[in-house]
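> I'd like to ask you about the structure that follows.
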Amino acid sequence: MLASLTVREFRNLAALDLEVEAAGLAIVGDNGHGKTNLLEAIAYLRLLRSWRGARDVDVVRFGAAGFHVRATLHPPARAHSAAIGFERASRRKRALLDGVEQPRLSDALGALPSVCFSPADVALVADGPGERRRFLDVALALTSPSYLQALQTYRAALSRRNATLREVQRAGRAGADAAARVAVWEPALAEHGATIVGARRDWVAAHAEPFATLCAAIGESAPVSMRYVGPAEDSDASALADALRAQLEAQRAQELRRGITLVGPHRDDLQLLLGGRELRTFGSAGQQRSAAIALRMRESATVREQLGAAPLLLLDDPFAELDVRRAQAILDLLAAEGVGQVMLAVPRAEDIPPAFTRLSRRTMREGRLS
Amino acid sequence: MSAIDDLTTELARLPGIGRKTAQRLTYHLLKQPADQSRRLAQALVTLVDTVRTCTRCFNLTEAPLCSICSDGRRDGTLVCVVEDAADIAAIERAGEFRGRYHVLGGRLSPLDGVGPDDLTIGALLARIPEDEVTEVILATNPSLEGEATALYIQRQLAPLGVRVTRIARGLPVGGDLEYADGVTIAQALQARRDM
């Protein structure tokens, strides 16, 4: 839970200091004045990077040397304070927990557990598989250290195998020599890839039904479902590793031609279906937004399960573009789950839903709160 | 003054030494008796002129063959493969190993452009029949790149019919279980044995 926040030189927020009550805060202000930037700064204390996918350098306020975000926290956060800073010149990012710099940045991941709902979430459903893989990776890496470890090692092995594929191509190597150079990275890919795919499959198995129920409750009449599309159907770790190993071997000749690794969890998809057809291509804008919100609610449930308490909800004008009936249904679902602390950002005071009118209000204007 | 700048720049290239430390070292060298600084310079020149790699195992040596390769009491049929010469010193400190070594000169590191041809793998393969080697112990680091290097060498050695072993991974002796990281504990559990 967030108790107070200090933001320096972060996008258009030059200097912002804020106390936050246990219930949370509603921030009212016109678009373009910094509401989303404030929520993004708070989310940095969870992901240690921009949830909007921006590079750290682009988050630094124009002309500033770097940015700094610091917060004092209450349980269920695991530290009393967390801070993240980035220096433009050295491109160095540091994270501190309780005032102590963390030797590895990833040690500070999830310092302030939060889940963000934003209109941009529609990309989760409407865009390519990469968005949904990132969604799964964030939900799982931040709640399971073994997943994070597997993901980091998998990515390291993948970049080395791809570099080897390119080198082999450039040097014009072929046959057994080329295959031997590439193959040495495959045991690590298979072992850690199996951990990743297994955890993702388990997540989908546990969340598919609640996800479908949520979509129906939000007001989708056609049945919405999710399924994991990957190389192997197994979810047993050693069977998965064997399957991945066999596929890497089978694809190697083609990969040697293309210079890139073509199978593995970095190519899988979390498919979302509407009555059996892909929601991504066949869903209406409203249906896609409902499904995106349902996904975020399952992310929130995943964090809650691990934390034993509700995460901080960052609601960035979440009901824009939704009809009144759907918006009300979502509010009812959130209330039924039990809402913890909320940071709500809306353009006008009239946009604050009745459930959140009890929140204290501040106004955001040109990067300043009043 | 360029002499000062030159030395500072050279010192700052060394691992673990930044610009400020380099400057402090430079001024220190100027302040101390000139003889002492000359001895340091001479030691550096002697180092680069006389130290080379062993023609057999690529360990560091001042003679054509290193002290281990020229020691007749060492078992030449047992070869321990390490990434760097510094690893030999670590294994020698244990005093357990009575075979000989082979220094790869690094590990497979495609992101740094280091491939099998940049390591001394070809020389290792040639040593197997030449020295009648019966066992090769792969003692590369238990890292992603060290494991890949070991695997590559194992596959190259397979046709030669020599026994290939890999050093075990597990908990450090005298260590505390509660301070070990999860991956190490998981591997120690996998490699558990009956007693």
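The values are calculated or read from the model by the stated rules, or taken from the named source; none is laboratory data. What you see is a predicted model; the values in this text were computed from it and never measured. We place every Cβ from the backbone using ideal geometry, glycine too, and count neighbours over all the protein chains shown. Accessible surface areas use protein heavy atoms only, side chains included; no ligands, DNA or RNA. Shrake-Rupley method; radii C 1.70, N 1.55, O 1.52, S 1.80 Å.
> If you take the C-alpha gyration tensor of the protein assembly as shown, multiply each eigenvalue by 5 and take the square root, what semi-axes do you get, largest first, in whole Å?
After scaling each eigenvalue by five and taking roots: 53, 33, 20 Å.
> Rule-of-thumb check for the range A:152-212: C-alpha Rg over 2.2 N^0.38 Å?
1.57
> For the pair B:Ile17 and A:Arg257, what calculated FRET efficiency results from E = 1/(1 + (r/R0)^6), where r is the Cβ-Cβ distance and R0 = 45 Å, to the nearest 0.05?
Approximately 0.50, to the nearest 0.05.
> Here is a follow-up. Antiparallel DSSP bridges in chain B: what percent, to the nearest 5?
20
> How far is helix B:144-157 tilted, in degrees, relative to the longest principal axis of the Cα atoms in chain B, given as a value from 0 to 90 rounded to the nearest 10?
With rounding to tens, the tilt is 60 degrees.
> How large is the charge dipole for the range A:197-338, taken about the Cα centre, if only the Cβ atoms of Lys, Arg (+1) and Asp, Glu (-1) carry charge, to the nearest 20 debye?
With only Lys, Arg, Asp and Glu charged at Cβ, the dipole is about 380 debye.
> Same structure, new question: Considering all projection directions equally, how large on average is the shadow of the alpha-carbon convex hull of the range B:1-155, in square nanometres?
12.2
> With charges set only on the Cβ (+1 for Lys and Arg, -1 for Asp and Glu), what does the dipole of the protein assembly as shown come to about its Cα centre, in debye to the nearest 20? Don't skip to the end; give the middle numbers.
On the way: 70 positive and 69 negative charges, 206 e Å.
Taking the Cα centre of the protein assembly as shown as origin, the dipole is about 1000 debye.
> While we're on this one: Kindly express, to the nearest 10 degrees and within the range 0 to 90, the angle between helix A:129-141's C-alpha long axis and the longest C-alpha principal axis of chain A.
Long axis of A:129-141 versus the principal axis of chain A: about 70 degrees.
> Moving to a separate point now. Using the basic label-point model (7 angstrom from Cα toward the beta carbon), what is the A:Arg348 to A:Ala171 distance in nanometres?
With each label point 7 Å from Cα toward Cβ, the separation is 6.7 nm.
> Distance from the Cα centre of the range A:321-355 to that of the range A:85-111, in angstrom?
Between the Cα centres of the range A:321-355 and the range A:85-111 lies a distance of 33 Å.
> Follow-up question, since we're still on this one. Given a 1.4 Å probe and no ligands, DNA or RNA in the count, how much accessible surface is buried by B and A, both sides, to the nearest 100 Å²?
Separately minus together, B and A give about 1200 Å² buried.
> Related question: Which Cα, out of B:Leu25, B:Leu7, B:Thr46, lies furthest along the positive dipole direction of the range B:3-50 (beta carbon charges, K/R +1, D/E -1)?
B:Leu25
> If you look at just the Cα atoms of the range A:8-125, how large are its Rg and its Dmax in Å?
Radius of gyration, then largest Cα-Cα span, for the range A:8-125: 14.1, 40 Å.
> Pop a pseudo-label 7 angstrom from the Cα along the beta-carbon direction at both B:Glu130 and A:Ala205 and give the gap in nm to one decimal.
5.5
> Now a separate question. So if we plug the beta-carbon distance of A:Gln306 and B:Gln154 into 1/(1 + (r/R0)^6) with R0 = 35 Å, what FRET efficiency do we get, rounded to 0.05? Please report the intermediate quantities before stating the final value.
Numbers: r = 40 Å, r/R0 = 1.14.
For A:Gln306 and B:Gln154, the calculated efficiency is 0.30.
> Pop out a list of residues from the range B:145-192 that are at least 20 Å² less accessible with all the protein chains around than in their chain alone; 1.4 Å probe, no ligands or nucleic acids counted.
Buried by the other chains: B:Glu145, B:Ala148, B:Leu151, B:Tyr152, B:Arg155, B:Val183.
> A follow-up question, please. Based on C-alpha coordinates, I'd like the Rg and Dmax of the range B:3-50, in Å.
11.2, 31
> Taking amide H positions as placed 1.01 Å from N in the peptide plane, with prolines and chain starts having none, which residues 5 or more places from B:Tyr101, or on another chain, fall under 5 Å of its amide H?
Counting only residues 5 or more places away or on other chains, the set is B:Cys80.
> Give the Rg (one decimal place) followed by the Dmax (whole number) of the range B:72-166, computed from C-alpha coordinates and expressed in Å.
Answer for the range B:72-166, Rg first and Dmax second: 12.7, 41 Å.
> Same structure again: Can you give me the % of accessible surface on the range A:101-213 that is carbon or sulfur? Probe 1.4 Å, all protein chains present, nothing else counted. Walk me through the intermediate numbers first.
Working: 2190 of 4120 Å².
Looking at the range A:101-213 in its full context, I get 53 percent from C and S.
> Modelling each spin label as a point 7 Å along the Cα-to-Cβ direction, I'd like the A:Ala120/A:Glu101 distance in nm, to one decimal.
Spacing of the two 7 Å Cα→Cβ label points: 2.9 nm.
> Determine the percent antiparallel among the DSSP beta bridges restricted to the protein assembly as shown, to the nearest 5. Write down the numbers at each step before the final one.
Details: 41 of 71 bridges.
The antiparallel fraction comes to roughly 60 percent.
> Assign unit charges at the C-beta atoms only (+1 for Lys and Arg, -1 for Asp and Glu), then state the dipole size of chain B relative to its Cα centre in Debye, rounded to the nearest 20.
300
> State the three equivalent ellipsoid semi-axes of the range A:70-143, derived from the C-alpha gyration tensor as the square roots of 5 times its eigenvalues, in descending order and whole Å. Before the final figure, lay out each step's value.
On the way: eigenvalues 140, 54, 27 Å².
Each semi-axis is √(5λ); the values are 26, 16, 12 Å.
> How large is Rg over Rh for the range A:120-308, taking Rg from the Cα atoms and Rh as the Kirkwood inverse mean of 1/r across Cα pairs?
Dividing the radius of gyration by the Kirkwood radius yields 1.04.
> Same structure, new question: B:Glu62 to B:Thr165: extension gain in nm, 0.36 nm per residue of separation minus the Cα-Cα distance?
Contour length minus Cα-Cα distance gives 34.0 nm.
> With the cut-off at 1.5 for a/c, could you classify the range A:108-169 from its C-alpha gyration tensor as rounded, prolate or oblate?
Since a/c reaches 1.5 but b/c is at least a/b, the shape of the range A:108-169 is classed as oblate.
> With r defined as the distance between the Cβ atoms of B:Ala90 and A:Ala320 and R0 fixed at 51 Å, what FRET efficiency is calculated, to the nearest 0.05?
E(calc), rounded to 0.05, equals 0.25.
> Taking Rh as the Kirkwood radius computed over C-alpha pairs, what is the Stokes-Einstein D of the range A:232-370 at 37 °C in a medium of viscosity 0.692 mPa s, expressed in µm² per second?
171
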